[in-house]
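The values are calculated or read from the model by the stated rules, or taken from the named source; none is laboratory data. This structure is a prediction, so every number in the text was calculated from the model and none was measured. Neighbour counts run over all protein chains shown; Cβ positions are idealised from the backbone, glycine included.
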Amino acid sequence: MPSAPSPDLVDLRSDTVTRPTPEMRRAMAEAEVGDDGYGEDPTVAALEEAYAGLVGKEAALYVPSGTMANQIAVRVLARPGTAVVAGARQHVVAFEAGAAARNAGVQFHTLDDGAGVLDPAAVAYAAELEAYHQPEVSLVCVENTHMAAGGVPWSLGELAAVAAAAPGVPVHMDGARLFNAAVAAGTSPAASAAVATTVMSCLSKGLCAPVGSVLAGPADVIEQGRVERKRLGGAMRQAGVIAAAGLVALRSMVDRLAEDHARARRLAEAVADRWPAAGCDPDRVLTNLVVFSPDHPEALLDHLASHGVLAGMLAPGVVRLATHYDVHDDGLERALVAIAKAP
Ligand SMILES: Cc1ncc(COP(=O)(O)O)c(C=O)c1O
């Protein structure tokens with residue numbers, strides 16, 4: 001029978017490994033529920049309203065996963081046979097098993113996102129290509145924070161410049177970690193998402209809820225999204241049981257993300273000390289992810305595991321460490337010692 005790694009291990013593989021807090025478990029047990037297929041689940045409705053308010057949009061939709069939220073946004077905002085501009089290493093491009101091609105019939109026009117953000121000039125160039133027999137650009141996707149680049153948060157200026165580079169083209173923000181971005185940038189989530197037509201956030205990552213993401217945008221877009229959620233099999237029934245944990249996540253788990261960011265920064269300093277050429281600049285580690293490319297990644301993962309520390313790999317040669325609610329100072333110290341001793 002599969003089992004979770006022992007709680008004695010320091011699990012830095014992902015921020016998705018967090019378990020619901022006692023407050024979440026209580027809220028789940030006591031949740032008021034109804035059939036959300038009939039629009040009758042008050043807890044789901046409360047969660048959707050709370051998220052829409054936080055990100056400054058008219059309406060929101062609760063969905064089982066961040067991937068589904070991205071897919072719904074692409075299906076609603078982009079048309080089959082058109083191009084979606086996105087960074088080459090964004091989740092919607094690289095980590096969703098080709099879903100956008102399969103679900104929405106779109107073609108990605110990918111841009112360099114090595115630094116996490118997109119170059120407005122490259123976005124403008126992509127939008128001009130239609131005049132040269134290339135597909136019309138119907139959507140721009142940004143990822144904030146950018147996971148594969150090491151949790152890079154966008155500044156408001158960078159977001160505004162990219163949105164302005166393709167006038168009239170909607171922007172979808174994969175804000176799986178939007179709250180990390182806002183905490184790091186010292187802005188509100190609404191300000192961070194202001195240029196986006198739609199924005200999605202995962203409740204099940206650093207915010208610790210067991211399940212679910214929320215997609216927000218204009219009311220008519222979210223209504224269409226509701227139909228797409230049905231088509232993808234994502235409509236749920238007494239989903240208030242899990243939405244209740246999401247409400248706790250939004251109410252009480254956001255401000256503490258700063259602690260995860262401080263611990264990630266310490267990990268980044270240790271990584272940069274130990275492997276100066278592995279591409280990790282601690283000054284750019286502003287949220288909860290540390291991404292680097294050591295010479296012998298598999299051996300490193302084995303070494304860390306022998307010290308009770310679990311790390312993950314994002315791609316061949318690329319190691320990721322994620323801090324989260326279940327990584328405390330003692331676990332951090334254990335990871336720092338293991339990194340310093342790495343062969
Ligand atoms: C940036 C980003 N977007 C979307 C997702 C998808 O979320 P889920 O795993 O809930 O489908 C993830 C998950 O790791 C992510 O990191």
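Given the condition closer than 24 Å to LYS57 by Cα and touching a Leu at 6+ places or on another chain (Cβ under 6 Å), answer yes or no: does some residue in region 250-266 qualify?
Yes, the conditions are met somewhere in region 250-266.
Quick grid of which residues meet (1) out of contact with any Asp or Glu (no Cβ under 6 Å at 6 or more places or on another chain); (2) without any contact (Cβ under 8 Å) to a residue 24 or more places away in the chain; (3) surrounded by fewer than 18 Cβ atoms within 10 Å (Cβ to Cβ):
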| position | (1), (2), (3) |
| --- | --- |
| ASP11 | yes, no, no |
| ARG19 | yes, no, yes |
| MET28 | yes, no, no |
| ASP36 | yes, no, no |
| ALA59 | yes, no, no |
| TYR62 | no, no, no |
| MET68 | yes, no, no |
| ILE72 | no, no, no |
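Among the residues of region 319-335, which ones are assigned to a helix (DSSP H, G or I) and touching a strand residue (DSSP E or B) at 6+ places or on another chain (Cβ under 8 Å)? It would help to see each step written out before you state the result.
Residues of region 319-335 assigned to a helix (DSSP H, G or I): 329-335.
Hits for region 319-335 are GLY331, LEU332, ARG334, ALA335.
So which residues in region 274-292 are under 17 Å from ASP260 (Cα atoms) and buried (at least 24 other Cβ atoms within 10 Å of the Cβ)?
VAL285, THR287, ASN288, LEU289, VAL290, VAL291
Residue-wise test of (1) more than 22 Å from LYS57 (Cα to Cα); (2) in the same structural domain as ARG320 (by TED's automatic domain parsing); (3) touching a strand residue (DSSP E or B) at 6+ places or on another chain (Cβ under 7 Å).
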position: ARG102; (1), (2), (3): yes, no, no
position: PRO120; (1), (2), (3): yes, no, no
position: VAL123; (1), (2), (3): yes, no, yes
position: GLY157; (1), (2), (3): no, no, no
position: VAL171; (1), (2), (3): no, no, yes
position: ALA185; (1), (2), (3): no, no, no
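Can you find, within region 40-57, the residue that is surrounded by the fewest Cβ atoms within 10 Å (Cβ to Cβ) among those that are touching a residue at least 24 places away in the same chain (Cβ under 8 Å), in contact with a Gly (Cβ under 8 Å, 6 or more places away or on another chain) and farther than 11 Å from GLY217 by Cα?
Per the criteria, the residue is PRO42.
Which residues, counting only those in region 159-176, are crowded, with 20+ Cβ neighbours inside 10 Å, closer than 24 Å to LEU257 by Cβ, out of contact with any Asp or Glu (no Cβ under 9 Å at 6 or more places or on another chain) and without any contact (Cβ under 8 Å) to a residue 60 or more places away in the chain?
LEU159, VAL171, listed by residue number.
Being in contact with a helix residue (DSSP H, G or I) (Cβ under 6 Å, 6 or more places away or on another chain), within 14 Å of the ligand (Cβ to nearest atom) and modelled with pLDDT of 95 or more is true for just one of ALA94, ALA99, ALA88, ALA104. Which residue is that? Explain how you work it out, then say what you get.
Values: ALA94 fails: in contact with a helix residue (DSSP H, G or I) (Cβ under 6 Å, 6 or more places away or on another chain); ALA88 fails: in contact with a helix residue (DSSP H, G or I) (Cβ under 6 Å, 6 or more places away or on another chain); ALA104 fails: within 14 Å of the ligand (Cβ to nearest atom).
Step by step, each of ALA94, ALA99, ALA88, ALA104 is checked, and only ALA99 is in contact with a helix residue (DSSP H, G or I) (Cβ under 6 Å, 6 or more places away or on another chain), within 14 Å of the ligand (Cβ to nearest atom) and modelled with pLDDT of 95 or more.
Collect the residues in region 128-174 that are within 15 Å of the ligand (Cβ to nearest atom) and assigned to a loop (DSSP other than H, G, I, E, B), keeping them in residue-number order.
ASN144, THR145, MET147, ALA148, ALA149, GLY150, GLY151, PRO153, TRP154
Any chance you could count how many residues in region 259-317 are within 18 Å of the chain's Cα centre (by Cα) and not charged (D, E, K, R)?
13
Considering every residue within region 36-55, establish whether at least one is within 16 Å of the ligand (Cβ to nearest atom) and over 17 Å from the mean Cα position of the chain (by Cα). Show your work before the answer.
First, pick out the residues of region 36-55 that are within 16 Å of the ligand (Cβ to nearest atom): 47, 51, 55.
After this cut, where a residue has to be over 17 Å from the mean Cα position of the chain (by Cα) as well, the list is 47.
Yes, region 36-55 contains at least one residue that is within 16 Å of the ligand (Cβ to nearest atom) and over 17 Å from the mean Cα position of the chain (by Cα).
Exactly one of (1) among the hydrophobic types (A, V, I, L, M, F, W, C); (2) within 26 Å of SER65 (Cα to Cα); (3) surrounded by fewer than 23 Cβ atoms within 10 Å (Cβ to Cβ) is unmet by LEU118. Its number?
All conditions pass for LEU118, except number (3).
Yes/no matrix, rows are residues, columns are (1) assigned to a loop (DSSP other than H, G, I, E, B); (2) within 17 Å of the chain's Cα centre (by Cα):
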site: ALA176; (1), (2): yes, yes
site: ALA182; (1), (2): no, yes
site: THR187; (1), (2): yes, no
site: ALA196; (1), (2): yes, yes
site: LYS205; (1), (2): yes, yes
site: PRO210; (1), (2): yes, yes
site: ILE222; (1), (2): no, no
